[in-house]
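A quick write-up on the structure given underneath.
The values are calculated or read from the model by the stated rules, or taken from the named source; none is laboratory data. Since the structure is predicted, the reported quantities are computational estimates derived from the model, not experimental observations. Heads up, the Cβs are rebuilt from the backbone with ideal geometry, glycines too, and the neighbour counts pull from every protein chain shown. Surface accessibility is based on the protein's heavy atoms, side chains included, excluding ligands, DNA and RNA. Shrake-Rupley method; radii C 1.70, N 1.55, O 1.52, S 1.80 Å.
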Number of protein chains: 2
Amino acid sequence: MKPPIVCFVGKSKVGKTTFLEKLIPELVSRGIRLGVIKHDVHGFEMDQPGKDTWRLRQAGAGRVVISSPLRFALIGLVEEELSLDEIVGRYLSDVDIVLAEGYKRSVKPKVEVARAERSCELLCAPEELVAVVSDFEVSPPCPHFGLDDAAGVANLLEERFLNTSPRELSLRVDGRDIPLKPFIHDMLIGAVRGLLSGLKEANGEQVELYIRSRR
Amino acid sequence: MKPPIVCFVGKSKVGKTTFLEKLIPELVSRGIRLGVIKHDVHGFEMDQPGKDTWRLRQAGAGRVVISSPLRFALIGLVEEELSLDEIVGRYLSDVDIVLAEGYKRSVKPKVEVARAERSCELLCAPEELVAVVSDFEVSPPCPHFGLDDAAGVANLLEERFLNTSPRELSLRVDGRDIPLKPFIHDMLIGAVRGLLSGLKEANGEQVELYIRSRR
């Protein structure tokens with residue numbers, strides 16, 4: 001089964017990559033296997049002139065791989081731009097969810113990132129959007145998150161696309177969110193519920209667990 | 001069916017990449033679809049610090065793709081180094097032949113590149129080698145080619161690994177090799193043979209075709 005694809009779109013310079021830099025570690029810390037696709041409409045240079053991989057490509061190799069004990073890279077020429085589905089089918093079929101940056105013309109579900117400083121108008125129609133991430137209130141009736149609310153967007157993606165039980169629990173220490181793997185998360189939920197069920201007054205404040213209200 | 005894999009090995013700085021830079025266009029000009037794998041034992045940096053793909057990887061994405069209308073690249077972390085067969089099976093299964101640079105410990109057929117200035121001793125035992133490319137004579141009884149003889153090595157690869165009819169013909173204009181696609185090559189062979197069969201004295205010099213002797 002192909003993993004779901006969610007596109008993070010927005011006008012240029014609104015901070016799409018910046019938001020993904022917050023969202024990615026949030027999802028990874030939950031044990032979710034991620035693929036990320038960056039759309040580049042201008043063409044890009046990946047390797048650096050003079051390096052061996054660059055020389056081999058310049059010599060005319062259509063597909064060049066570089067492989068090391070820790071990393072792997074494949075660079076190829078394409079005759080026609082690959083679609084999101086082709087990329088995911090060929091190269092990312094074994095991840096849990098794919099986040100794409102760009103691809104605003106695709107029909108995949110989208111999260112729009114916006115900043116008031118740049119523009120308060122959205123690119124997408126409300127019906128295309130699963131959420132808006134912005135520093136201003138939005139009128140369409142879809143979930144809205146602040147530019148720093150990676151945990152909120154991660155919760156939404158899990159609920160909507162990953163068929164996992166929603167995160168009902170978060171752990172804060174000194175006011176900072178501590179990411180929890182699904183296993184630990186579920187164990188904690190069970191433990192707290194067990195505790196509370198044994199108490200006449202269900203008061204969990206002293207364990208410093210904050211139960212996030214379900215949206 | 002998986003494409004054949006041939007490893008180009010040699011001591012460091014003998015000119016493996018330099019030779020591949022000559023061989024790749026020779027093979028491509030013959031209509032052969034190539035995959036190239038560069039082995040990097042030290043780890044490599046592919047994208048550049050600060051670029052979006054780099055930021056997305058730094059954020060923890062295990063697999064990042066960048067896609068444009070002309071090019072495509074995939075960068076991934078691996079838990080264990082991928083074998084040549086894994087790389088070819090997953091990413092290069094649709095090419096005609098794969099040239100690997102490095103992988104001297106693999107059991108794949110090998111071409112050793114050597115330069116007298118660096119060392120006259122070979123890395124590989126004669127039985128591992130399909131050819132030696134060097135600027136000095138070698139004793140093992142395997143085909144030997146000069147450091148500039150990309151056409152000779154391409155002929156050998158075609159004969160040994162591509163089940164195509166060997167190139168018996170090359171076209172030179174003003175002393176320079178003109179690459180020929182297989183279709184044209186075969187047409188020319190047919191035409192020359194036809195011509196020669198009709199002539200009492202089989203003398204083709206005036207058509208400026210040079211028939212390379214089969215090895």
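The residue that is farthest from the other protein chains (Cβ to nearest Cβ), counting only those in region B:20-71 that are acidic (Asp, Glu) and in a helix (DSSP H, G or I), is B:Glu26.
Under the condition of being surrounded by fewer than 19 Cβ atoms within 10 Å (Cβ to Cβ) and under 29 Å from B:Asn163 (Cβ atoms), the residues counted in region B:33-57 number 1.
It is to be established whether one or more residues within region A:86-96 are touching a residue at least 40 places away in the same chain (Cβ under 8 Å), of a type outside the set (Gly, Ala, Ser), within 7 Å of chain B (Cβ to nearest Cβ) and outside any helix (DSSP H, G or I). The answer is yes, given that some residue of region A:86-96 is touching a residue at least 40 places away in the same chain (Cβ under 8 Å), of a type outside the set (Gly, Ala, Ser), within 7 Å of chain B (Cβ to nearest Cβ) and outside any helix (DSSP H, G or I).
Considering only residues that are in contact with a Cys (Cβ under 6 Å, 6 or more places away or on another chain) and either among the aromatic types (Phe, Trp, Tyr) or in a strand (DSSP E or B) (or both), look in region A:97-124 and name the one that is farthest from A:Ala154 (Cα to Cα). The selected residue is A:Tyr103. Determine, yes or no, whether B:Ile75 is within 27 Å of B:Ala150 (Cα to Cα), touching a residue at least 24 places away in the same chain (Cβ under 8 Å) and surrounded by 17 or more Cβ atoms within 10 Å (Cβ to Cβ). Answer is no for this residue.
Within region A:110-129, the set of residues being of a type in the set (A, V, I, L, M), crowded, with 19+ Cβ neighbours inside 10 Å and more than 18 Å from A:Glu26 (Cα to Cα) comprises A:Ala114, A:Leu122, A:Leu129.
Out of B:Val107, B:Val113, one residue alone is more than 18 Å from A:Ala61 (Cβ to Cβ) and in contact with a helix residue (DSSP H, G or I) (Cβ under 9 Å, 6 or more places away or on another chain). It is B:Val107.
When each of B:Leu77, B:Leu82, B:Leu122, B:Leu92 is tested for being in contact with a strand residue (DSSP E or B) (Cβ under 9 Å, 6 or more places away or on another chain), more than 30 Å from A:Gly35 (Cβ to Cβ) and at pLDDT below 95, the lone residue that passes is B:Leu122. All of (1) more than 15 Å from A:Lys51 (Cβ to Cβ); (2) assigned to a helix (DSSP H, G or I); (3) more than 7 Å from every other protein chain (Cβ to nearest Cβ); (4) open to solvent by 30 Å² or more (accessible area, probe 1.4 Å) hold for B:Ser12 with one exception: (2). Would it be correct to say that B:Phe136 is aromatic (Phe, Trp, Tyr) and assigned to a strand (DSSP E or B)? Criteria not met by B:Phe136.
Listed by first and then second residue, the pairs with beta-carbon distance under 8 Å, at least 6 apart or on different chains, first residue in region A:181-196 and among the charged types (D, E, K, R), second modelled with pLDDT of 70 or more, are A:Lys181/A:Ser29; A:Lys181/A:Arg30; A:Lys181/A:Gly31.
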